[in-house]
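A short reminder: the numbers here are calculations on the coordinates, not readings from a lab. Since this is a predicted model, take the numbers as computed values, not measurements. Heads up, the Cβs are rebuilt from the backbone with ideal geometry, glycines too, and the neighbour counts pull from every protein chain shown.
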Amino acid sequence: MVESKFVKPKFKKRGFVKIKCKDCSNEQYVFYRVSSNVTCNVCGSTLAKPTGGSLETNGEVIEE
Ligand SMILES: [Zn+2]
């Protein structure tokens with residue numbers, strides 16, 4: 001199983017980012033101060049994970 005590359009997107013002050021799932025193209029808003037892994041509401045794939053007070057994502061960031 002290939003480990004996806006997680007990147008840390010830039011965020012505006014609203015604190016939410018819209019992320020597109022790389023597996024099923026579902027789009028959902030994620031609060032960037034997450035404390036646990038964020039999974040896709042449709043397919044259950046990991047969209048983002050917490051790191052140092054914000055998140056990293058392996059999905060496509062649509063809105064920042
Ligand atoms: Zn998905």
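Brief remarks on what is shown
- Report note on the peptides 4-10, 45-51: ranked by the mean count of other C-beta atoms within 10 Å, highest first, their order is 45-51, 4-10.
- Using a cutoff of 8 angstrom between alpha carbon atoms and counting only pairs six or more residues apart, the relative contact order for the chain works out to 38 percent.
- Considering all C-alpha pairs of the chain, those separated by over 21 Å amount to 11%.
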